[in-house]
Structures are given as C-alpha cells and as structure tokens.
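As structure tokens, the structure follows; a few thoughts come after it.
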Amino acid sequence: MKNEIEEQYKYIEKVRENNENKNLKYNIFTMGCQLNENDSEKICGMLEKMGYSSTENLNEADLVIFNTCCVRENAEDKLFGKVGEIKKQKEERGTIIAIGGCMMQEKHIVEKLHKSYPYVDIIFGTHTLHKLPEDIYKIQEESKKIDDVIDIDGEVYEGLPIKRNDNIKASVTIMYGCNNFCSYCIVPYVRGRERSRKPEDILNEVKDLASKGYKEITLLGQNVNSYDGGEGYKFSNLLYDVNKIQGIERIRFVSPHPKDFTDDVIEAIADCDKICKIIHLPLQSGSSKMLKVMNRKYTKEQYLELARKMQERIPNVVFSTDIIVGFAGETEEDFEDTLDVVRKIKFEQVYMFIYSRRVGTPGDKMENQVPEEIKHKRFDRLKELVESQIVENNQKYIGTIQRVLVEGTSKNNPNMLTGRTESNKVVIFEGTKDLIDKIIDLKIVSEHMWYLKGKIEM
Ligand code: SAH
Ligand code: SF4
Ligand code: F3S
C-alpha cells in the first residue's frame, strides 16, 4: 500500500515536470456529502503538487475534475449538463476532463458517458482516487482515454497530499464504506465494505491539524460509530483520544447509525468536554414498519428510547437528523409516525429528502412505489412542521449566552462577523477581526430563521 502511494508521488513529480512554467489551472466541481468534500481536498492536494493552481473560472481551466455523488437522482442531470457544456472548450484548448466519485461506480452511468460523451479523458472511481497522478500523466503522454474504476474494495491509503478548504474547521475521514445495505441506498454499492483507518494515523492527522491552528474537527464516515481500529479499539476509544489533543476545541462526527449507538459511545460523549452536544441521529422514517422495509434495524420505539437515554445521560444534548419521505409502501399512517417523532424530538436540524429510486437497490425493485405527487405533498407537510419547530427552537436561544466559534466575516454583510454555536447554529454579530478563530461568549438577541443575531457582552 505504501508502495502504491510512493509510486503515485513519482507520477506527481513527472506531471510537475511536464507542467513546469505553463501556469496550468484546474477547476473542481464537488457533489455530495462531506466524505466527497474530503476526497476533493485530497484531489486538490495532488493537483497542486503537480503544479496546477485552482481557478473558479471554468473557461480558463486546463483540467476539469468532477467528483460525483449518486445518492439521489438530480445529480445525474447536473453532471451530464456540465460535461456537455465544456465540450467546446475541450475542442478549443484541449482541456483535460476527469470524472470521479460515487457515480462512476455505476456501470450504466459509465456506459452513458462512453456513448454520449466520448471526449471525457479520465473516469476514476471511489477506490482509485489516489491514482489520479498516474492517470493524468498517461493522458499527457499517450492521450489515450482512461477508465480506472474497480469494483473490489479499495485499501485504506495514507499519506496523500491534501489541500484543505478551511483553516479553522477540518474533516478527518476515519472509515470508508458501509455494510448496512439500507434498502433505498446506493452507498454500499459504490463505496464498498467498511474499512477503518488505524487509530494512530487518525490521531496523528488531528495532532497535525491542531499544530496548524485548527479548532474544530469533524470525524467522518458513512457509519462512524461502527469504527473498528483493531484489537478492541472502538469509536468510543477514538473519541476519548481525540478529546485529549491540545488545541482542538470542538469535535463533531457524522454519520452515526442508531443501531451502533452503544452505551460506551454515549458515555464518551458525556465525558468528553470538546464533543459538541448536538448529535446527528438519522431517523429516515418514524414508522417501525417502514424502518423494517428500509432494513434500518431499529423500531420507532427503540429510536425514541435511544434519544431519551442520551438526553438523560448527556446534559442539554440536542439532535439533528435525516428523513426520507415517500419510500416504497409508505402509507399516510407511516408518514404520520414520522411527523410524530419529529414533534417529539424537536430536532435542531432536519435534512429532508424525497425518496429517489436507485438502480440496483432493493427499494427500486419494490412494486408499491409512492406516486410522485404524494411524495411531494408529504415532503411539504414535513417541511412546514420542521420550519415551525425551527422558529420555536430559535426563540429559546434569545437571551441566552452561547459559546461561538468565530469563523470569519459574514458573506452578506462584511461589517459583521459570523460563527457557530456548539449546536451548529449560525450567529451573526458585530466585532473586530481579531476574534476570528476564537471561541467567545455571545448573548443572543434575535432570531432570523436560518441564523441568530448575537452581541458581545461587555
Ligand atoms: N450513512 C449515512 C447517510 C448517507 S446518505 C446514514 O446512514 O445516515 C445521506 C442521506 O441521504 C441518508 O441519511 C438518507 O436520508 C438520504 N438518502 C439515501 N438514499 C436515498 C434515496 N435513495 N433517496 C432519497 N434520500 C436518500
Ligand atoms: Fe446508506 Fe444506510 Fe449505509 Fe447510510 S447506513 S450509507 S443510509 S446504506
Ligand atoms: Fe453521495 Fe457518495 Fe457521499 S453517493 S452522499 S458522495 S458517499
């Protein structure tokens, strides 16, 4: 494995020689979840070592990379549209086009690319991201189209260069893949089986980030709490160890699975002062019948019981969640169960999705699909409930003192600063720039649906 990465460093060097004094630019387009964002940071790390510099302007790019997602349908149209758009530019200036990520693990998508977009240069998958330097070198030298997608599970590669998007908050992938096969979901098919990084590799990465001044770490995986560091070292052990690292002030993690939320993980969250007391607890549906069809391995009652146990053990804990509406067979009664859980838990944040059929998953083959119209109506009803709860929740913040990690100046108002509470709410306030990257106390003075306004207490 190590040799594989050393090999790629040699290709990085060769491409860098090819690119010398050419001032070449790349443009990257990332879809999907934080894991993909983190992969893109590695792609950018490799590209910059190869002598490419980043540009926001697609027209001046010599290399265009798409890092794709396929968890829901709309991404496909978006990708094909964009790839179509750059055809002319490719003809005019020889732009290299590389497409990678989850969607490339789907055979029907790769076939469509071959057929309708034959000018794409490189297709790489989720298990071959690290070989991008070699792929680019081969395109430069042989200009032969490259398909570098493999179906077997990739290894865990360490030591790739990385260029991070932010200098206060950073993501650290701790495990790859998923073994759960929820019946609606494509992820296990495109990301392969679970494999965890070694504890020392993760801890060294976090220490390195701390030494560079990072304050907040998000541990990433499709299933973080089934992390297995070997020799009995579990997710809870990792939480305790990350919590000890000096300089890091906040720890978050996504996504845990309710079925793996063992007591030791709950204890660790309660014990570790740096772990943010907002827990993402993906519900998907509130109906025990639907949860069974979805292969989620918990019931409505078990979910509520888990939330209750956490509330009991972790003072002031709050939750965020993911919900799918309109999965195959969902009745009005099932949907009411979902609303019921939302009313009971009062989530801080709900990521809501309309079920999207994915080729190759059991859900796609089920015959009792819910008509689009009904799915949309249910989605709107859920959204209405969630938004009314957000206002209600926000109001509870008014008058309280919140610890806020200051992230920078507000995009909409450069005279204001912006930061986040431990519960991940955006707070806008007046202050001087030296506060950026500090954690400060703010008094919340008003709420505005998607953000709160705060004031420094004198
Ligand atoms: N591993 C994570 C989630 C990965 S995908 C977890 O288990 O929570 C992120 C979210 O996308 C899922 O939680 C689910 O709510 C949603 N999702 C997955 N497949 C979907 C589909 N086919 N249609 C609509 N939403 C989907
Ligand atoms: Fe998909 Fe389920 Fe795995 Fe999450 S746990 S990635 S929803 S199969
Ligand atoms: Fe999408 Fe792949 Fe993430 S399918 S949600 S980018 S793991």
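The values are calculated or read from the model by the stated rules, or taken from the named source; none is laboratory data. Note that the coordinates shown come from a computational prediction; the quantities given were computed from them, not determined experimentally. Positions of Cβ are backbone-derived with ideal geometry, glycine not excepted, and every protein chain shown enters the neighbour counts.
Out of curiosity, is VAL350 within 16 Å of ligand 1 (Cβ to nearest atom), under 25 Å from the mean Cα position of the chain (by Cα) and over 19 Å from ALA307 (Cα atoms)? No. Confirm whether PHE253 is at pLDDT 95 or above and over 22 Å from GLY32 (Cα atoms). No.
Candidates are the residues of segment 330-354 that are among the aromatic types (Phe, Trp, Tyr) and crowded, with 20+ Cβ neighbours inside 10 Å; the one that is farthest from ligand 3 (Cβ to nearest atom) is PHE335.
Please work out which residue is surrounded by the fewest Cβ atoms within 10 Å (Cβ to Cβ), limiting yourself to segment 99-117 and to residues that are touching a residue at least 24 places away in the same chain (Cβ under 8 Å) and more than 16 Å from ligand 3 (Cβ to nearest atom). That would be SER116. For segment 122-134, the criterion of being in a loop (DSSP other than H, G, I, E, B), small (Gly, Ala, Ser), more than 26 Å from the chain's Cα centre (by Cα) and closer than 21 Å to TYR26 by Cβ is satisfied by no residue at all.
Only a single item in (1) surrounded by fewer than 20 Cβ atoms within 10 Å (Cβ to Cβ); (2) within 12 Å of ligand 1 (Cβ to nearest atom); (3) in a loop (DSSP other than H, G, I, E, B) is not met by PHE327, and it is number (1).
Taking segment 342-378, which residues are under 25 Å from VAL426 (Cα atoms) and outside any strand (DSSP E or B)? Selection gives VAL342, ARG343, LYS344, ILE345, LYS346, PHE347, GLU348.
Contact annotation: residue pairs with Cβ atoms under 9 Å, 6 or more positions apart or on different chains, pairing a residue in segment 46-75 that is at negative phi and assigned to a helix (DSSP H, G or I) with a partner that is surrounded by fewer than 18 Cβ atoms within 10 Å (Cβ to Cβ) and small (Gly, Ala, Ser), are LEU47/SER53; LEU47/SER54; GLU48/SER54. Of everything listed in (1) of a type in the set (Ser, Thr, Tyr); (2) crowded, with 16+ Cβ neighbours inside 10 Å; (3) touching a Cys at 6+ places or on another chain (Cβ under 8 Å), the single unmet condition for SER54 is (2). The number of residues in segment 173-208 that are in contact (Cβ under 8 Å) with a residue 60 or more places away in the chain, hydrophobic (A, V, I, L, M, F, W, C) and more than 12 Å from ligand 3 (Cβ to nearest atom) comes to 3. Checking each residue in segment 215-228 for being over 15 Å from the mean Cα position of the chain (by Cα), crowded, with 22+ Cβ neighbours inside 10 Å and within 16 Å of ILE248 (Cα to Cα) picks out only GLU216.
Please find, among ILE12, ILE28, the residue that is surrounded by 15 or more Cβ atoms within 10 Å (Cβ to Cβ) and outside any helix (DSSP H, G or I).
Working: ILE12 fails: outside any helix (DSSP H, G or I).
When all the criteria are applied, what remains is ILE28.
For ASN368, indicate whether it is closer than 30 Å to TYR184 by Cβ, in contact with a Lys or Arg (Cβ under 7 Å, 6 or more places away or on another chain) and not β-branched (Val, Ile, Thr). In short, no. Of all residues in segment 410-452, those that are touching a residue at least 12 places away in the same chain (Cβ under 8 Å), exposed (fewer than 12 other Cβ atoms within 10 Å of the Cβ) and in a helix (DSSP H, G or I) total 1. Selection of segment 64-81 for residues being in contact with a strand residue (DSSP E or B) (Cβ under 7 Å, 6 or more places away or on another chain), within 16 Å of ligand 3 (Cβ to nearest atom) and modelled with pLDDT of 90 or more yields ILE65, PHE66, ASN67, THR68, CYS69, ARG72, LEU79.
Restricting the search to segment 216-234, which residues are in contact (Cβ under 8 Å) with a residue 60 or more places away in the chain and either over 14 Å from VAL172 (Cα atoms) or in contact with a helix residue (DSSP H, G or I) (Cβ under 9 Å, 6 or more places away or on another chain) (or both)?
Once the filter is applied, which keeps residues that are in contact (Cβ under 8 Å) with a residue 60 or more places away in the chain and either over 14 Å from VAL172 (Cα atoms) or in contact with a helix residue (DSSP H, G or I) (Cβ under 9 Å, 6 or more places away or on another chain) (or both), segment 216-234 yields THR218, LEU220, GLY221, GLN222.
Out of GLU392, GLU384, one residue alone is exposed (fewer than 15 other Cβ atoms within 10 Å of the Cβ), touching a residue at least 12 places away in the same chain (Cβ under 8 Å), within 25 Å of VAL318 (Cβ to Cβ) and not polar (S, T, N, Q). It is GLU392.
Residues that are hydroxyl-bearing (Ser, Thr, Tyr): find the strands (runs of 3 or more DSSP E) completely inside segment 195-296 holding 2 or more of those.
Details: elements: 216-220, 250-254, 278-280.
The strands (runs of 3 or more DSSP E) meeting that bar number zero.
Scanning segment 169-187 for residues that are more than 18 Å from GLY154 (Cα to Cα), within 11 Å of ligand 2 (Cβ to nearest atom) and buried (at least 21 other Cβ atoms within 10 Å of the Cβ) yields CYS182, TYR184, CYS185.
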